[in-house]
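First up is the structure itself, then whatever we jot down about it.
Coordinate-derived values only; no laboratory data. Values in this document were obtained by computation on a predicted structure and should not be read as measured data. Please note: Cβ atoms are built from the backbone with ideal geometry, for glycine as well, and neighbour counts cover all protein chains shown.
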Amino acid sequence: MEEQALSILRDHGLSVTTVRKGILDVFLKTGQALSHSDLEGQASGQLDRVTVYRTLQAFVGKGIIHVIPTSDNSLRYALCRDACVDGHHHDRHVHFICHHCGKATCINQLDVPSVRLPRGYRMQEVSMVVHGVCPNCD
Ligand SMILES: [Zn+2]
Ligand SMILES: [Zn+2]
Ligand SMILES: [Zn+2]
């Protein structure tokens, strides 16, 4: 587990710091999408809001985690499983958000359906969030 965090940071060209490693460890341990407040609560040591924010921004920028858009403005982040690189994500999967527990999940086996844009529009990114009830709450 420890080694995994270190190699992820190195592979993505980030120097290893206690905070980065700590936050990455939380993602690896839980295997879930996490919000800012989840991380402030779980990562060891006193992590202030700004530090968590900056670290997450760096991870997103380097292709380590991706953002799951939610309707309530509380962003969730999840580890990238595809080969995302610096400044370029390939997370084309569907995201699911449960009404009951509020948990966001990456549905990695389900790709976002392709859309055909009218002439003149050029797609850069597409995302899909499905809202409903997860298996735990059903
Ligand atoms: Zn990604
Ligand atoms: Zn649920
Ligand atoms: Zn995802």
(message) Compute the helix-to-body angle for 18-30: its Cα long axis versus the longest principal axis of the chain, expressed 0 to 90° and rounded to tens.
(response) 50 degrees
(message) Check which residues have an amide H placed less than 5 Å from Leu110's amide H, if you skip close sequence neighbours.
(response) Val94
(message) Between helix 2-11 and the chain, what is the angle of the helix's C-alpha long axis to the longest principal axis, kept within 0 to 90° and rounded to the nearest 10?
(response) 60 degrees
(message) Please list 3J(HN,Hα) in residue order for segment 101-117, calculated via the Karplus relation 6.51 cos²θ - 1.76 cosθ + 1.60 where θ = phi - 60°; whole Hz, with x for glycine and proline.
(response) 8, x, 6, 9, 10, 7, 9, 5, 7, 10, 7, 4, x, 6, 10, 9, 7
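With all distinct Cα pairs included, what does the Kirkwood hydrodynamic radius of segment 2-132 come out to in Å, to one decimal, could you say?
15.6 Å
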(message) Explain nothing, just compute: Karplus ³J(HN,Hα) = 6.51 cos²θ - 1.76 cosθ + 1.60, θ = phi - 60°, for every residue of segment 127-136 in order, whole Hz, x for Gly and Pro.
(response) 9, 9, 10, 9, 9, x, 10, 7, x, 5
(message) Taking the 0 to 90 degree range and rounding to the nearest ten, how far is the long axis of helix 49-62 tilted relative to the main principal axis of the chain, both from C-alpha atoms?
(response) 60 degrees
(request) Would you work out the relative contact order for the chain, in percent, from Cα pairs under 8 angstrom that are 6 or more residues apart? (result) 18 percent
(message) With the crude spin-label approximation of a point 7 Å out along Cα→Cβ, what separation in nm comes out for Arg119 versus Asp72?
(response) 4.5 nm
(request) Report, by chain and number, residues whose modeled amide H sits under 5 Å from the one on Arg76, excluding near sequence neighbours (fewer than 5 apart, same chain). (result) Ile68, Thr70
(request) Could you tell me what percent of the DSSP beta bridges with both partners in the chain are antiparallel, to the nearest 5? (result) 75 percent
